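So the structure is just underneath, and the comments pick up after that.
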Amino acid sequence: MKKLVTLSLLCASAVIMTGCGVFPTKGTVLAPITLEHIASDPVVDNSVRPLKRGETTSGGIILFGTGDATIGTAMRNGGITKVHHVDYSVMNILFLYSEITTIVYGE
C-alpha cells in the first residue's frame, strides 16, 4: 500500500511539474531550440516578402515568468503588418531558467 501511495504521488508530481504551454521549453540540462512556425497557420502568409524583422522575449526563473513573447508584440516591435514567417528560439537551463524569443519576418 505504501508503494502504491508513493508511486501515485510521484506520478502526480510529474504531471503537475510538466505544465502546459505552446512552446517546447523542456530540456534535461541545457536545451537551446530554434523552431519555425507552421506554414499552414492563418497568421502566416508566404506571399509576403520578409523585409522587416520584429523580435520579443519572455523569460522565467523557477515559477515566475515575465515578458510577452507573442506574435502580435513582435509584429508591433518590428512595424510589421503582414507576416511571412515566425521563428521561436527557446533556451532552458535545468528547468530553473527559461527564455523564449519570438522572431517575426514580414512587411
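One line per residue, one yes/no per condition, for (1) at pLDDT 75 or above; (2) surrounded by 10 or more Cβ atoms within 10 Å (Cβ to Cβ):
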{"site": "T6", "(1), (2)": "yes, yes"}
{"site": "V22", "(1), (2)": "no, no"}
{"site": "I33", "(1), (2)": "no, yes"}
{"site": "S58", "(1), (2)": "yes, yes"}
{"site": "D68", "(1), (2)": "yes, yes"}
{"site": "D87", "(1), (2)": "yes, yes"}
{"site": "V90", "(1), (2)": "yes, yes"}
{"site": "E107", "(1), (2)": "yes, yes"}
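For I16, the test of being in a loop (DSSP other than H, G, I, E, B) and at pLDDT below 60 is failed.
The residue pairs whose first member lies in segment 81-107 and is among the acidic types (D, E), whose second member is in a strand (DSSP E or B) and exposed (fewer than 14 other Cβ atoms within 10 Å of the Cβ), and whose beta carbons are closer than 7 Å, counting only pairs six or more residues apart or on different chains, are D87/T34; D87/L35; D87/E36. Restricted to segment 70-85, and to residues that are in a loop (DSSP other than H, G, I, E, B) and surrounded by fewer than 19 Cβ atoms within 10 Å (Cβ to Cβ), which residue is modelled with the highest pLDDT? Among those residues, the one meeting the criterion is G79.
The values are calculated or read from the model by the stated rules, or taken from the named source; none is laboratory data. Because the structure is a prediction, the values reported are computed rather than measured. For neighbour counting, all protein chains shown are included, and Cβ atoms are generated from backbone atoms with ideal geometry for every residue, glycine included.
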